[in-house]
Amino acid sequence: MGELTPTFIELARQLTAAGRRFDRRGWVLGTSGNFSAVVSREPLLLAMTPSGAWKGELAPEDIVQVDDRCQILNGGRKPSAEAPLHVEIARQRHAGSVLHTHSVWATVLSDEHAAQGGLAVHGYEMLKGLEGITTHEHEEWIPILENLQDMGRLAVTVRETLSGHPACHAFLLRRHGLYTWGSTLPDAIRHVEILEFLLETIGRTAERSSHGGDQDSR
């Protein structure tokens, strides 16, 4: 086991606070979701939530530290099974944090739009909360990937997707949830909140239109 640095200790505190915040919003129910933050870039070390943990009750001492091969360096619990995806995103996007949520709307829309390969979002003021976006006229493409239990294969798909969509701020796993990231942990938290708002808005708007159409046809 390695020494716990002040950076790791502070990131562990912030990750558990994010877990409580997202749990209150219903975005990480049960033991769903997983979070990470970069402790060191060279070598790449991540602070990560453990597998099978309720994010609303995590303590800083529950957070584990892993290297770029997802080997545990600190902590007595297993890291999330999706750790290879976090490593891949941290590398490809030079992200300081990667956050994965399991909201109802992310799950529903990831299935409804899977045939199109992704979901286009445009015209919403909240898009300006995404890093580098300055106008509501921006169109954000959120790729949708098929969910796999083989994390090695899925990590390759993630790498190819991020390479093919260099401007995207997130992707969805079909019938699974949202992955997003940021230069820092606070940036990634902001992206979760912006994207979850947009997904719920799109879902509720489509739901209302569908109900209205049903009424008009009577």
Residues located in segment 113-129, provided they are part of a helix (DSSP H, G or I), touching a residue at least 12 places away in the same chain (Cβ under 8 Å) and within 22 Å of LEU154 (Cβ to Cβ): ALA114, GLN116
With the requirement that a residue be without any contact (Cβ under 8 Å) to a residue 60 or more places away in the chain and under 16 Å from LEU11 (Cα atoms), what does segment 79-111 give you? PRO79, HIS86
Within segment 31-48, the residues that are touching a Lys or Arg at 6+ places or on another chain (Cβ under 9 Å) and either closer than 23 Å to ASP68 by Cα or touching a residue at least 60 places away in the same chain (Cβ under 8 Å) (or both) are SER32, GLY33, ASN34, PHE35, LEU44
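Condition check ((1) among the hydrophobic types (A, V, I, L, M, F, W, C); (2) surrounded by fewer than 16 Cβ atoms within 10 Å (Cβ to Cβ); (3) in contact with a helix residue (DSSP H, G or I) (Cβ under 7 Å, 6 or more places away or on another chain)) across all residues:
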| residue | (1), (2), (3) |
| --- | --- |
| LEU58 | yes, no, yes |
| LEU73 | yes, no, no |
| VAL87 | yes, no, no |
| ARG93 | no, no, yes |
| SER97 | no, no, yes |
| VAL108 | yes, no, yes |
Only listed residue being at pLDDT 95 or above, more than 23 Å from ARG91 (Cα to Cα), β-branched (Val, Ile, Thr) and crowded, with 18+ Cβ neighbours inside 10 Å, chosen from ILE142, ILE202, ILE189: ILE202
Given (1) surrounded by fewer than 16 Cβ atoms within 10 Å (Cβ to Cβ); (2) in contact with a Lys or Arg (Cβ under 7 Å, 6 or more places away or on another chain), number of the condition ASP62 does not satisfy: (1)
So is ALA83 more than 25 Å from GLU146 (Cα to Cα), modelled with pLDDT of 95 or more and under 14 Å from the mean Cα position of the chain (by Cα) or not? no
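Does ARG159 fit the bill of being of a type in the set (Lys, Arg), under 13 Å from the mean Cα position of the chain (by Cα) and under 30 Å from ARG13 (Cα atoms)?
Taking the combined requirement at face value, the residue does not satisfy it.
The values are calculated or read from the model by the stated rules, or taken from the named source; none is laboratory data. Predicted model, so just to flag it, every value in this text is computed and none were measured. With ideal geometry, Cβ positions are generated from the backbone for all residues, glycine too; neighbour counts draw on all protein chains shown.
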